[in-house]
1. Search segment 4-19 for residues that are under 14 Å from E45 (Cα atoms) and pair each with any residue that is open to solvent by 60 Å² or more (accessible area, probe 1.4 Å) and not in a strand (DSSP E or B) when their beta-carbon atoms are under 6 Å apart and the residues are at least 6 apart or on different chains.
2. Applying the selection to segment 2-25, what residues are modelled with pLDDT under 95 and surrounded by 10 or more Cβ atoms within 10 Å (Cβ to Cβ)?
3. Check whether at least one residue in segment 13-28 is touching a Lys or Arg at 6+ places or on another chain (Cβ under 9 Å) and closer than 23 Å to M1 by Cβ, and report yes or no.
4. Residues that are of a type in the set (D, E): list the strands (runs of 3 or more DSSP E) wholly contained in the chain that include at least 2 such residues.
5. Would a scan of segment 30-42 turn up a residue that is among the β-branched types (V, I, T) and open to solvent by 60 Å² or more (accessible area, probe 1.4 Å)?
6. If I filter segment 43-81 down to residues being closer than 13 Å to V93 by Cα and within 10 Å of the chain's Cα centre (by Cα), which single residue comes out as surrounded by the most Cβ atoms within 10 Å (Cβ to Cβ)?
Amino acid sequence: MEKTVFIREQLPLISRPYTASDGTQKVFHSRGFILSDGVDEFYAEMLGDMARDAQPFEMNIWHRVQAYIKQRQWQDKNGQTRYENQIVIAKMV
C-alpha cells in the first residue's frame, strides 16, 4: 500500500537482543509511528536497519509511505483463534 500521511507521533527506537536460528546473538530494531491520512489513523512500524538508521521525521508536513500489511494468527487464553493486522513500513519520505 502507498499513502500520503501526517506523522501524529514518532515512538522511540526499541532494540532487543535475540538468538538467530544459527545460534548467533543479534539485535532486533523497531520504531513505531502513529500515522494519519486525514481520515484514518493507524499504527505502523519500521523494522531492522531502517528503524535503527532513521532520523527523526518532520511532523508538520505530508510524508509518502510505502508499507505492507500482514496478518498474525494467535490463540487467546481460552484457545480461541484470534487475528490482528500489522502494518510494516518499507519506505517513508
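1. I7/M59
2. Scanning segment 2-25 gives no hits.
3. no
4. Those strands (runs of 3 or more DSSP E) span 2-10, 41-47.
5. Yes, there is a match, as at least one residue in segment 30-42 is among the β-branched types (V, I, T) and open to solvent by 60 Å² or more (accessible area, probe 1.4 Å).
6. Out of the qualifying residues, it is M46.
The values are calculated or read from the model by the stated rules, or taken from the named source; none is laboratory data. For clarity, every value in this text was computed on a predicted model and none was experimentally measured. All Cβ positions, even for glycine, are placed from backbone atoms using ideal geometry, and neighbour counts span all protein chains on display. Ligands, DNA and RNA are stripped out before the accessible areas are found, and what is left, the full protein with its side chains, is counted by its heavy atoms. Shrake-Rupley method; radii C 1.70, N 1.55, O 1.52, S 1.80 Å.
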